[in-house]
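Undergrad: Sharing a structure below in structure tokens format, with a few things to ask.
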Amino acid sequence: MPRAGKRRNHPTKNTVTDLSETKGPHAGDVAGRRNFFAEAMALVCGGLAILTPVAAGVWMFLDPLRRRGEAATFLPVTELKAIPDDGVPRQFAVVTDRIDAWTGFAAEPIGAVYLRREKGSDEVEALSATCPHAGCFVEIDPEEKCFRCPCHSSRFTVDGQMVAPSPSPRAMDGLACRVDKNGGVAVKWQNFYTGIAEKVAKP
């Protein structure tokens with residue numbers, strides 16, 4: 001009779017699956033990719049959080065540059081018929097819409113000008129109402145028929161020339177002015193540096 005072979009005892013498999021055994025040879029790569037994507041998303045979110053204030057800062061930096069281009073534009077001031085042709089200067093407010101950051105201001109005064117015209121003429125002369133000495137608004141002195149600054153007594157003739165002695169370093173600042181075919185008067189509005197002899201427009 002043949003000898004019965006020895007019965008081999010095979011170890012029974014544990015019913016609890018060892019997850020470490022199911023991980024293939026690329027398990028580390030998968031985990032690495034997950035970490036990479038998580039870090040990348042964190043960087044993107046952080047970048048977006050930083051981008052908003054940076055963009056706002058850039059906009060605020062460029063906004064003065066935008067206003068600089070608009071500073072020397074012709075702005076409507078009045079009608080020709082509102083300026084008597086008697087050679088006497090009349091003061092008019094310069095009014096325009098203004099945008100500061102995200103806030104808009106409609107029809108806001110930004111300065112003043114003196115306009116005058118001679119007898120029978122449709123040409124208008126414009127002078128800034130800002131004194132070139134320290135930036136105060138000059139006034140008309142009806143008795144002396146000249147401009148006078150209330151701050152430091154600078155005096156100017158009706159056409160803006162200095163009356164000596166005067167603390168102002170220069171004459172009043174003239175502005176370009178035009179009259180359209182409908183009689184509208186517009187002034188090329190600009191501000192100038194005060195306290196210096198040279199007429200230099202502000203940006």
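The values are calculated or read from the model by the stated rules, or taken from the named source; none is laboratory data. Everything numeric in this text was worked out from a predicted model, so none of it was measured. As a convention, Cβ positions derive from the backbone with ideal geometry for all residues, glycine included, and neighbour counts pool all protein chains shown.
Undergrad: Give just the number: which of (1) modelled with pLDDT of 95 or more; (2) surrounded by fewer than 18 Cβ atoms within 10 Å (Cβ to Cβ) does residue 165 not satisfy?
TA: Exception for residue 165: condition (1).
Undergrad: Looking only at segment 121-135, which residues are crowded, with 16+ Cβ neighbours inside 10 Å, under 28 Å from residue 76 (Cβ atoms) and not hydroxyl-bearing (Ser, Thr, Tyr)? Steps first, answer last, please.
TA: Of all residues in segment 121-135, those crowded, with 16+ Cβ neighbours inside 10 Å come to 124-133.
Next, from what is left, pick out any that are under 28 Å from residue 76 (Cβ atoms): 124-132.
If the condition is that a residue be crowded, with 16+ Cβ neighbours inside 10 Å, under 28 Å from residue 76 (Cβ atoms) and not hydroxyl-bearing (Ser, Thr, Tyr), then 124, 125, 126, 127, 129, 131, 132 are the ones that fit.
Undergrad: Give me a count of the residues in segment 89-118 that are farther than 17 Å from residue 191 by Cβ and either modelled with pLDDT of 95 or more or not assigned by TED's automatic domain parsing to the domain that holds residue 146 (or both).
TA: 6
Undergrad: Quick check on residue 198: is it outside the structural domain of residue 82 (by TED's automatic domain parsing) and either among the acidic types (Asp, Glu) or assigned to a strand (DSSP E or B) (or both)? Lay out the reasoning, then the answer.
TA: Values: outside the structural domain of residue 82 (by TED's automatic domain parsing): yes; either among the acidic types (Asp, Glu) or assigned to a strand (DSSP E or B) (or both): yes.
Yes.
Undergrad: For segment 134-188, which residues satisfy the criterion of being among the charged types (D, E, K, R) and touching a residue at least 60 places away in the same chain (Cβ under 8 Å)? Spell out the reasoning first.
TA: Residues of segment 134-188 among the charged types (D, E, K, R): 139, 141, 143-145, 148, 155, 159, 170, 173, 178, 180-181, 188.
Hits for segment 134-188 are 178, 188.
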